[in-house]
Every structure is written in C-alpha cells, then in structure tokens.
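Notes follow once the structure below has been shown.
Since every read-out is calculated from the coordinates, none of them should be taken as a lab result. This one's a predicted model, so the numbers in the text were calculated from it and none came from an experiment. Positions of Cβ are generated from backbone atoms using ideal geometry, with glycine treated the same way; all protein chains shown enter the neighbour counts.
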C-alpha cells in the first residue's frame, strides 16, 4: 500500500516527506538575439566540443553542479546520456582557458523551431571574471545561428543565486514558474553526502 501523496498548498506551506528536495523553477525565453555585452580578454577562452566524450562531460558537470546539487545528468544512465550527446541536434561544449575545462554549455536543437539552453555553468572560482558573459554570448550566437523562433531555458532556486538575474540581464524574459520535487540524490548515493551544505540533508 502506497503512502498518500502530500497535497500542494497554493496559499501556504506544504510538508515534504523525508528524503525529498524541492525547488522553485523559473522558465525564461528569448525570441530574438539581443546586442551582446562586451567581454574583456575574450581571447583567453575557447569552446571545445564534448559530444561523444561522456567521461569528460560527466566530470565537468559534477565539478560545476555539485555545489548546487545539480543531479539530472548524475543520475542518468550512460546509455541515456549517450543518446543525448550523440544526437546531431545537441551541441555540448567545454569552455577552456587553455589549461583546464572551466565551463559547460549544452544547446538542444531537438524541439521543432526552438533551441533549449540545457546547461550553462562555471566551475567554482571562475564566476565573476568574465567567463560567464563570454559563455552566454557564445550560447546566444550559436542558438541563433540556425533558423529558430525561440531560445529558452529554466533555472531553479537550487542553483547559484546569481543565475536567474544573469539570464534576465542577458536578454531572457521569465514567463512561467513551477515547483519541482525530487529524491535527494545524496541519500541515493549519486552525490557526496556533504555537497551543497546550504541544502540540509533530511533523511
């Protein structure tokens, strides 16, 4: 017999079962490319394709995402991830500084006439130095290099607090909000128990 599911209270608090996490998700879109913000020393960075390099992709994803409890690609089986990264309509890139991978960009052109900014992130210690603006400029340029009607993305309250205002400054417009509830990946062994300490583990 299954336990009754909690009913979402639309005017107050909703208790979650132990072992669950919740996030407020904001959806944003861009219908045409905005003027790109200038970036100093942009020659310091470059993009390298990651399609087909699943181990490199996973390592970079974890370096970027563990502090914020990114888990969707961590819990994904290898065959499913391969199906995404090997799809010719998905472009995945590592942002490099000539020495190391410091950022991730993934664009999904599979939606008809649209492109999703599936992932954009930087490793700890790089934020605030211009690399994020360079990466976003490249994302916008690549997205609209094809005939698309809409460029869209979603971010959530588990991410870096600066992510949502950064997307808005970059030209995205919020249009929808949702609540996502999921199993805590730390309790399932997919992520270290001590990662993302700002989100307490409730077991």
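Pair-distance distribution of the stretch 111-188: all C-alpha pairs, bin width 5 Å, starting at 0; shares per bin in whole percent are 3, 11, 22, 23, 18, 13, 8, 2, 0. Taking every DSSP helix (H) stretch of at least 4 residues in the chain, weighting each as -39,500 (n - 2.57) and dividing the sum by the residue count yields a mean residue ellipticity at 222 nm of -6000 deg cm²/dmol. Anyone know which of 94, 139, 44 comes out most mobile in the 10 Å Cα GNM of the chain? Top of the fluctuation ranking is 44.
Taking a ≥ b ≥ c as the square roots of the eigenvalues of the alpha-carbon gyration tensor, the stretch 115-157 is classed oblate because a/c is 1.5 or more while a/b is no larger than b/c.
If R₀ is 22 angstrom, what is the calculated FRET efficiency for the pair residue 173 and residue 141, using the beta carbon separation as r and rounding to 0.05? Efficiency computed from Cβ-Cβ geometry: 0.70. Once you reduce the stretch 18-41 and the stretch 92-158 to the center of their Cα atoms, the two points are 9 Å from each other. Axis of helix 131-143 versus longest Cα principal axis of the chain: the two differ by about 80°, to the nearest ten degrees. Apply the a/c threshold of 1.5 to the C-alpha gyration tensor of the stretch 1-64 and tell me whether it is rounded, prolate or oblate. Oblate is the answer for the stretch 1-64, as a/c is 1.5 or above yet b/c matches or exceeds a/b. Rounded, prolate or oblate: which fits the stretch 60-144 when a ≥ b ≥ c are the square roots of the eigenvalues of the alpha-carbon gyration tensor, with rounded for a/c under 1.5 and prolate only if a/b beats b/c? Oblate shape, in that a/c is at least 1.5 and b/c is the bigger or equal ratio. In whole percent, what relative contact order does the chain give with Cα contacts below 8 Å and a gap of six or more residues? Computed over the chain, the figure is 34 percent.
Distance between the modelled labels on residue 76 and residue 59, one decimal in nanometres: 1.9 nm (7 Å Cα→Cβ projection). In the elastic network of the chain, a GNM with C-alpha springs shorter than 10 Å, the most mobile of 95, 187, 135 is 187.
Our summary gives the stretch 1-117 a relative contact order of 21 percent, counting only alpha carbon pairs under 8 angstrom and 6 or more residues apart.
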